[in-house]
Amino acid sequence: MDANGYNAPYARYEALLAAGVVHSLAPAAPGPGTTAFQRLQAFHAQHPDWLFGHLGYDLKNELFPLTSTHPDGIGFPDIYFFQPEVVILVQPGLVRIGGWHYSEADARRVYEACLRMPVTVSAVTPPRHAVQSPFPHADYLDTVKALQAHIHRGDCYEINFCRENFVPETELDPLALFTRLNALSPAPFAAFYKLQDQYCCCASPERFVQQSGRTVISQPIKGTIRRGQDAAEEARLKDLLRHSAKERAENIMVVDLVRNDLTPAAARGSVSVAELCGIYTFAQVHHMISTVQATLAPGMGFADVLRHAFPMGSMTGAPKLRVMQLIEQYERSKRGLFSGSIGYITPEGDMDFNVVIRSMLYNAAEQYLSFSTGSAITFRSAPQQEWEECLLKASAMKKVLEG
């Protein structure tokens, strides 16, 4: 099935746009017994409107006894949400426009202005400096072997290990970057996100969590293989992925973790697996994707789901606390928004959030560009194959930089 196949039963919109800020939830030290997720629930109760924003990976430090000390070249805050001045919702055959104190006449003016606006995007200028990484090939292979030693000792079963790629001192147009990335690697959970001088150009194929009424789903991705050159090779590669013991083991372990993460906010006995290890085709790769669903328990809301499920199991591993300790020990860059989430909350309290992967992060003030890739390390992993998987996932982003 194609990239939209697993999202189609759950899709609400073809695209959403939010701009301008009426009210915002900025980072703040949590009060006694509160977390950023509880502050987000209270912010929505105070402003029951559309909210858009992000959750950074290092919100984990509020949920678990963890710290983060690695360098961060981008600088997104751990959390930011805003009530927008204008919202545009695009559905098949329908465009809805609204906003803070917007009248029907205001919405029509916005629509007509959008129709008149010329679509011009500058070319991507190749950076002056080559792509760099704190993890050269030999160091990466040694680290995978060290992580496998932890697995053999019983410290963990699976760990998502990531390496950063970065380009310092580079000046570029983030919109051009996103436009080219989206053309090369279209994805159902893509996003162009700007917060002051920080940008995220995201071509994510993965949904973190969606709530619609009392129904919650999560769709973890684990299992990747390259595209083929023709129909016969495509069929062979998809069959190889479908029957790979290693890839299925990775996916099933994460499904078990997601089931555990959804259970605290779910009605008793409602957590189930709607699809296990489905194979879906994207522009650059084939992925193995599962869908876990649940029904919210009485008294539970979107913040309870996020608080128990974050950070997502597909970007951590199992057991979650131990692997996050190992991630901090062995990775060499702060993840920041990478492997966090961008999404929205509706006035009714529904939500939809992606997983920030296949993304290029840019700090315009510091002229620093970063994109990270990773893979799931298990006892079956071959270090060189994990290295090649990271390169495969980065291929579209490197093509973008080549202009």
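The values are calculated or read from the model by the stated rules, or taken from the named source; none is laboratory data. None of these values were measured; they are calculated from a predicted model. When we count neighbours, we look across all protein chains shown, and the Cβ atoms used for this are built from the backbone with ideal geometry, even at glycine. Accessible surface is based on the protein model in full, side chains and every heavy atom, while ligands, DNA and RNA are left aside. Shrake-Rupley method; radii C 1.70, N 1.55, O 1.52, S 1.80 Å.
Is it the case that some residue within the stretch 343-353 is closer than 21 Å to Arg214 by Cα, crowded, with 24+ Cβ neighbours inside 10 Å, among the polar types (S, T, N, Q) and modelled with pLDDT of 95 or more? Taking every residue of the stretch 343-353 in turn, none turns out to be closer than 21 Å to Arg214 by Cα, crowded, with 24+ Cβ neighbours inside 10 Å, among the polar types (S, T, N, Q) and modelled with pLDDT of 95 or more.
Mind listing whichever residues of the stretch 257-275 are part of a helix (DSSP H, G or I), within 22 Å of Pro205 (Cβ to Cβ) and not β-branched (Val, Ile, Thr)? Before you say what the answer is, go through the steps one by one.
Step one: of the stretch 257-275, the residues part of a helix (DSSP H, G or I) are 257-265.
Adding the requirement that they be within 22 Å of Pro205 (Cβ to Cβ) leaves 257-259, 261-262.
Passing the criteria: Leu257, Arg259, Asp261, Leu262.
Answer with yes or no whether Gly278 is part of a strand (DSSP E or B) and surrounded by fewer than 23 Cβ atoms within 10 Å (Cβ to Cβ).
On the way: part of a strand (DSSP E or B): yes; surrounded by fewer than 23 Cβ atoms within 10 Å (Cβ to Cβ): yes.
Yes; evaluated as a whole, the condition is true for this residue.
The single condition from (1) open to solvent by 30 Å² or more (accessible area, probe 1.4 Å); (2) of a type outside the set (Ser, Thr, Tyr); (3) assigned to a helix (DSSP H, G or I); (4) farther than 18 Å from Asp352 by Cα that Glu250 fails is (1). Looking across Thr143, Thr125, one residue alone is under 27 Å from Arg180 (Cβ atoms) and touching a residue at least 40 places away in the same chain (Cβ under 8 Å). It is Thr125. Exactly one residue out of Arg226, Arg268, Arg236, Arg242 is at pLDDT below 95 and open to solvent by 60 Å² or more (accessible area, probe 1.4 Å), and it is Arg226.
Restricting Gly98, Gly93, Gly75 to residues that are on the phi > 0 side of the Ramachandran plot and either among the aromatic types (Phe, Trp, Tyr) or free of Cβ contacts under 8 Å to residues at least 60 places away in the same chain (or both) narrows the list to Gly93. Considered as a group, the residues in the stretch 317-340 that are within 9 Å of Tyr57 (Cβ to Cβ) and of a type outside the set (A, V, I, L, M) include one that is most open to solvent (accessible area, probe 1.4 Å), and that residue is Lys334. If you go through the stretch 96-116 and keep only what is loosely packed, with under 14 Cβ neighbours inside 10 Å and part of a strand (DSSP E or B), you end up with just Arg96.
Any residue at all in the stretch 118-127 that's in contact with a Gly (Cβ under 7 Å, 6 or more places away or on another chain), surrounded by 15 or more Cβ atoms within 10 Å (Cβ to Cβ) and within 24 Å of Gly336 (Cβ to Cβ)? Explain how you work it out, then say what you get.
Within the stretch 118-127, the first condition is being in contact with a Gly (Cβ under 7 Å, 6 or more places away or on another chain), and the residues that meet it are 123-126.
Right, trim to surrounded by 15 or more Cβ atoms within 10 Å (Cβ to Cβ) and you get 124.
So of that shortlist, the ones also within 24 Å of Gly336 (Cβ to Cβ) come out as 124.
Yes, because at least one residue in the stretch 118-127 is in contact with a Gly (Cβ under 7 Å, 6 or more places away or on another chain), surrounded by 15 or more Cβ atoms within 10 Å (Cβ to Cβ) and within 24 Å of Gly336 (Cβ to Cβ).
Within the span defined as the stretch 187-199, one or more residues are of a type in the set (Lys, Arg), farther than 19 Å from Leu392 by Cβ and either open to solvent by less than 40 Å² (accessible area, probe 1.4 Å) or assigned to a strand (DSSP E or B) (or both).
No other residue among Leu89, Leu147 is in a helix (DSSP H, G or I), at pLDDT 85 or above, touching a strand residue (DSSP E or B) at 6+ places or on another chain (Cβ under 9 Å) and open to solvent by less than 30 Å² (accessible area, probe 1.4 Å) apart from Leu147.
Ser212 meets the conditions (1) closer than 30 Å to Gly349 by Cα; (2) of a type outside the set (D, E, K, R); (3) open to solvent by less than 20 Å² (accessible area, probe 1.4 Å) in every case but one. The failed one is (3).
I'm checking my understanding of the structure. Among residues of the stretch 7-33 that are of a type outside the set (Gly, Ala, Ser) and modelled with pLDDT under 85, which one is surrounded by the most Cβ atoms within 10 Å (Cβ to Cβ)?
Step by step, filter the stretch 7-33, then rank; the result is Asn7.
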